[in-house]
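The values are calculated or read from the model by the stated rules, or taken from the named source; none is laboratory data. Computed from a predicted model, the values in this text were never measured in an experiment. Cβ placement follows ideal geometry from the backbone for every residue including glycine, while neighbour counts extend to all protein chains displayed. Protein only, heavy atoms only, side chains kept; ligands, DNA and RNA dropped before computing areas. Shrake-Rupley method; radii C 1.70, N 1.55, O 1.52, S 1.80 Å.
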Amino acid sequence: MTVSVAVASVCAVFGLVGIGFYGLMMSRNLIKAVVALQIAVKGVLVAMVLAGKLNSQLAVAQSMALTVLVADTIVAVLGLALAVQIRRHFGSLDTTEISTLRK
Amino acid sequence: MLELIVIAAMIFCAVMAIRAQRLLTSAIYLAGCSALVALFLYQLGAPEIAVIELSVGAGLVTILFVFAINIAGDDPAQHPPILPKPMAWVLVLMAVVTAATILLPNYDTILPLVSEPLDDTLWEKRTLDVILQSVFIFAGVLGVLNLLGETTYDQEKHS
């Protein structure tokens with residue numbers, strides 16, 4: 001693995017995390033927000049494995065990435081369960097419509 | 001060269017997952033992005049994580065998304081975002097440029113790879129992580145029960 005590929009990989013990490021953050025800021029749909037969060041965490045996953053490879057500690061990085069992967073999946077499950085329940089109770093997935101702070 | 005193609009396809013799938021009008025299309029693009037991330041992790045030399053990412057990220061999570069969209073319904077109506085678009089772009093660019101300024105100068109040296117088996121590290125040195133993962137999986141099972149349980153209740157109520 002050459003340095004240029006490493007730099008391209010870091011750019012991919014920044015791209016994925018940036019797209020995820022942008023989606024989180026711009027989307028008003030709860031399920032879309034979970035999709036954006038998943039994309040951002042995928043970037044973090046690649047960053048952890050890449051950092052482990054560049055620092056010659058790939059096994060430690062993989063075990064930590066495994067924890068991140070499990071936590072990310074559980075966050076997606078709980079987020080989707082919350083979205084489904086909110087859709088049932090409020091009749092909408094729009095974050096501004098379900099907000100009760102202004103009423 | 002292959003790495004660069006995979007990176008480009010990964011970014012394309014991520015952008016399309018955010019830009020897609022329908023939630024189902026978004027979930028399918030997310031599955032594609034997961035599969036490409038798995039391929040990239042394999043190219044980086046982490047096949048164990050690649051396999052788990054492929055089966056969990058591209059398989060299980062996609063099925064859960066399709067299931068949740070099926071229950072909650074796909075709302076194709078476009079609402080205007082809360083933040084103005086230029087402001088979101090500026091915030092994202094500021095975050096990315098700051099992180100790149102800190103991180104990129106440290107990537108000029110690559111240390112020689114010391115091969116250490118993953119199972120030794122995972123089961124002996126990072127036992128706390130394994131316990132934490134078990135707790136996470138238990139919480140996930142409760143979440144899936146929550147997703148499924150209410151469906152049965154509604155069906156009973158309507159019948």
- Rounded to the nearest 100 Å², the accessible area buried between A and B, both sides, probe 1.4 Å, is 6600 Å²
- Message: How large a share of the accessible area of segment B:1-75, in percent, is made up of carbon and sulfur atoms when the probe is 1.4 Å and the other protein chains stay in place?
- Response: 73 percent
- Task: Tell me the label-point distance for the pair residue B:101, residue B:12, using the 7 Å Cα-to-Cβ offset, in nm and rounded to one decimal.
- Result: 3.3 nm
- Task: State the Cα centre-to-centre distance between segment A:20-87 and segment B:14-34 in whole Å.
- Result: 15 Å
- Theoretical ellipticity at 222 nm over the protein assembly as shown - DSSP helices of four or more residues, -39500 (n - 2.57) apiece, nearest 500: -25000 deg cm²/dmol
- Message: Among A:77, A:17, A:46, which one shows the highest mean-square fluctuation when chain A is modelled as a Gaussian network with alpha-carbon springs under 10 Å?
- Response: A:77
- Computed about the Cα centre, the charge dipole of chain A from +1 Lys/Arg and -1 Asp/Glu charges at the Cβ has a magnitude in debye, to the nearest 20, of 260 debye
- Rounded to whole Hz and in sequence order, give me ³J(HN,Hα) for segment A:9-23 from the Karplus expression 6.51 cos²θ - 1.76 cosθ + 1.60, θ = phi - 60°, writing x for Gly and Pro. 5, 5, 5, 4, 4, 4, x, 5, 5, x, 5, x, 5, 4, x
- Please work out the average accessible area per residue across the protein assembly as shown, using the 1.4 Å probe convention, and give it in Å². 51 Å²
- With point charges of +1 on the Cβ of Lys and Arg and -1 on the Cβ of Asp and Glu, referenced to the Cα centre of chain A, which listed residue (A:21, A:81, A:95) lies farthest in the positive direction of the dipole? A:95
- Cα-based Rg and Dmax for chain A, in Å, come out at 17.2, 57
